[in-house]
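Presented below is the structure to which this report refers.
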Amino acid sequence: YSGGLGILAGDLLKQASDDGCPLVGVGLLYRYGYFKQEVSLHGEQIAALEAQKFTCQPLHPVYDAQGNWLRVNIALPGRTLYAQVRRADVGRTRLFLLDTDIAENRPEDRKVTGQLYGGDRELRLKQEMLLGIGGMRLLQSLEISPDVFHFNEGHVAFASLERIRMLMYDENMSFEEALEWVRSTTVFTTHTPVPAGHEIFSEELLRRYLGHFAPLLNISWEHLMQLGNWPNHARSGQDFSMSLLAANTSIRMN
């Protein structure tokens, strides 16, 4: 809902409803959203943050089979991040949104869905882990099995790693077989050539948060890094590009 990408995402859901296309959306539910623009008497912009009242919005709690509010979780260093699920209906299209501002999380983790574009690189990484990995676990909890996955920018690309993990454990595939299956059922849309529009994380930060994922996929850390390797010319070493991960796990790019 902030700028062209948010408007486009909403339009895609509405158009899918109009066309009768069985599409399901997954996103994050930001407590403070984007700032509200105010202008001072001197013509200066004031960025005002207002907490969203989710109970006053067209959002519905999603419950599990036992009647409990559905929660998904992902592993963070030394702790677990929990997110509860709400649903927005865009015509006939369902949009599921993840919210970490709940009592089960530490204060710093409640801010994962605090503000769009807020925080540092570590917070951004946690947001994209929740969107990709948590989003896949959400769909699995709801027993939703899409035929095709569409990545609206590279922010959701960790979903490919989680899909590979699921296929290896649920279908007894090798890493190479699961990667090929994921590639054949994923499409990726990127909207800008501007570098600022493509998320890049340092190897040190990525390893701290996703170091446990390589053993789950039965590959080396170096192999996992190759999926998004991005040369860092400012210093020796490699960074990790989410857009490259999306490209390397998709059959087609738009």
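The values are calculated or read from the model by the stated rules, or taken from the named source; none is laboratory data. Note that this is a predicted model, so its numbers are computed, not measured. All Cβ positions, even for glycine, are placed from backbone atoms using ideal geometry, and neighbour counts span all protein chains on display. Ligands, DNA and RNA are excluded from the accessible area calculation, which covers all protein heavy atoms including side chains. Shrake-Rupley method; radii C 1.70, N 1.55, O 1.52, S 1.80 Å.
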(message) I'd like to check something: does the stretch 194-216 contain any residue that is touching a Lys or Arg at 6+ places or on another chain (Cβ under 9 Å), among the hydroxyl-bearing types (Ser, Thr, Tyr) and open to solvent by 30 Å² or more (accessible area, probe 1.4 Å)?
(response) yes
(request) Can you confirm whether the stretch 89-111 contains a residue that is part of a strand (DSSP E or B) and surrounded by fewer than 16 Cβ atoms within 10 Å (Cβ to Cβ)? (result) yes
(request) Quick one: Met173 ticks every box in (1) part of a loop (DSSP other than H, G, I, E, B); (2) open to solvent by 80 Å² or more (accessible area, probe 1.4 Å) except a single one, so which number is it? (result) (2)
(request) Would you point out the residue of the stretch 75-86, among those that are surrounded by fewer than 16 Cβ atoms within 10 Å (Cβ to Cβ) and either farther than 20 Å from Glu162 by Cβ or touching a residue at least 60 places away in the same chain (Cβ under 8 Å) (or both), that is farthest from the chain's Cα centre (by Cα)? (result) Gly78
(message) Take the conditions farther than 23 Å from Arg207 by Cβ and part of a helix (DSSP H, G or I) and apply them to Arg124. Does it pass?
(response) no
(request) Identify the single condition in (1) closer than 28 Å to Leu227 by Cα; (2) touching a Leu at 6+ places or on another chain (Cβ under 8 Å); (3) crowded, with 20+ Cβ neighbours inside 10 Å that Ser145 does not satisfy, given that it satisfies every other one. (result) (3)
(message) Pairs needed: first member in the stretch 169-182, within 20 Å of Arg252 (Cβ to Cβ); second member anywhere, modelled with pLDDT of 95 or more and loosely packed, with under 12 Cβ neighbours inside 10 Å; C-beta distance under 8 Å; at least 6 residues apart or different chains.
(response) Ala178/Glu171
(message) I'm told Gly119 meets every condition in (1) modelled with pLDDT under 95; (2) closer than 28 Å to Arg163 by Cβ; (3) within 15 Å of the chain's Cα centre (by Cα) except one. Can you identify the failing condition by its number?
(response) (3)
(message) Restricting to the stretch 55-74, name every residue that is surrounded by 15 or more Cβ atoms within 10 Å (Cβ to Cβ) and either hydrophobic (A, V, I, L, M, F, W, C) or not in a strand (DSSP E or B) (or both).
(response) Leu59, Val62, Leu70, Val72, Ile74
